[in-house]
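A quick write-up on the structure given underneath.
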Amino acid sequence: MLHLMQISHEKKKKKKRGRGRPPKSADERNESMRRGELVKVAAQLFRQRGFHGTSTRDIAAAAGMQPGSLFYFFESKEAILHAVMRDGMAQAAASQAAALDELTARASGVQRLRSLVRNHLQIMVGPESDFIPVMLYEWRLLSDEQRVDVGAQKDEYEAQWMPALQALHHTGKLKASPEIARLLIFGALNWTAQWFTEGRGLTLDELTEQALALFIGER
């Protein structure tokens, strides 16, 4: 009986150890870091020079690797562009979730919209803000399958704005339809990548308040 109990205990221990994904090896972590560096460098170059004005050799050189080594991580320049947009949306979603988590459950619609607007402006024009502008400029170059993939991320990101907009519409602070307001707000905020430079005139906080004044008359 005792022997059977010991066997059962050992099986449970093995089952418990087998749960979840095994930790990454040092080589896997290094590969992940190198891939992330490549995507970051590619985003910078795609934004500065455009997709067609950037070669895989340019990306490899900027990342400090041999041109052929780049294809260990990506099969083509188009695959790199997809990764730039996909990783950018993932970062944007994580940043937005963190911004919303900082709010209390009793935060008003205005407070929620302020947090969302501030975070989106940070993504668009703050430090390391190359990912999303590249998506806006080079979206048409994705394949149909890639657009569906990144589009699903984008839809999920934008859906997080609807509760705040609906709450503001319910109280009368937002006069427009929440769905139409969402489209107009994103159109206005995304355009800041074309003209805004932090440190020259408005700060991001000041720009956020100006945006709120435009959208809902709040300062």
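The values are calculated or read from the model by the stated rules, or taken from the named source; none is laboratory data. On a predicted model such as this, the values are computed, not experimentally measured, just so you know. In this analysis, Cβ positions are derived from the backbone assuming ideal geometry, glycine residues included, and neighbour counts consider all displayed protein chains. Side chains are part of the model used for accessible areas, which takes the heavy atoms of the whole protein and leaves out ligands, DNA and RNA. Shrake-Rupley method; radii C 1.70, N 1.55, O 1.52, S 1.80 Å.
Kindly evaluate Glu75 against the criterion of being among the acidic types (Asp, Glu) and in contact (Cβ under 8 Å) with a residue 12 or more places away in the chain. So Glu75 fails the test.
This table checks each residue for (1) in contact (Cβ under 8 Å) with a residue 60 or more places away in the chain; (2) open to solvent by 50 Å² or more (accessible area, probe 1.4 Å); (3) not polar (S, T, N, Q).
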site	(1), (2), (3)
Lys40	yes, yes, yes
Ala43	yes, no, yes
Arg49	no, yes, yes
Gly53	no, no, yes
Thr56	no, no, no
Ile59	no, no, yes
Ala62	no, yes, yes
Leu70	no, no, yes
Ala79	no, no, yes
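Where helices (runs of 4 or more DSSP H) fall entirely within region 120-219, those with at least 1 residues that are under 21 Å from Ser95 (Cβ atoms), open to solvent by 60 Å² or more (accessible area, probe 1.4 Å) and among the charged types (D, E, K, R) are at 144-159, 204-216. Of all residues in region 91-119, how many are among the hydroxyl-bearing types (Ser, Thr, Tyr) and either open to solvent by less than 30 Å² (accessible area, probe 1.4 Å) or more than 28 Å from Thr171 (Cα to Cα) (or both)? The total comes to 1. Residue pairs whose Cβ atoms lie under 8 Å apart, sitting 6 or more positions apart in sequence or on different chains, and linking a residue in region 203-218 that is in contact (Cβ under 8 Å) with a residue 12 or more places away in the chain to a partner that is among the hydroxyl-bearing types (Ser, Thr, Tyr) and surrounded by 11 or more Cβ atoms within 10 Å (Cβ to Cβ), are Leu207/Thr192. Taken together, Gln146, Gln160, Gln153 contain a single residue that is more than 11 Å from the chain's Cα centre (by Cα), in contact (Cβ under 8 Å) with a residue 60 or more places away in the chain and within 21 Å of Arg35 (Cα to Cα), which is Gln146.
Only one of the numbered conditions (1) modelled with pLDDT of 95 or more; (2) touching a helix residue (DSSP H, G or I) at 6+ places or on another chain (Cβ under 6 Å); (3) over 28 Å from Phe51 (Cβ atoms) is not met by Gln153, and that is (3). Does region 142-150 include one or more residues that are acidic (Asp, Glu) and closer than 25 Å to Glu102 by Cα? Checked against the condition, which is being acidic (Asp, Glu) and closer than 25 Å to Glu102 by Cα, region 142-150 yields no hits at all.
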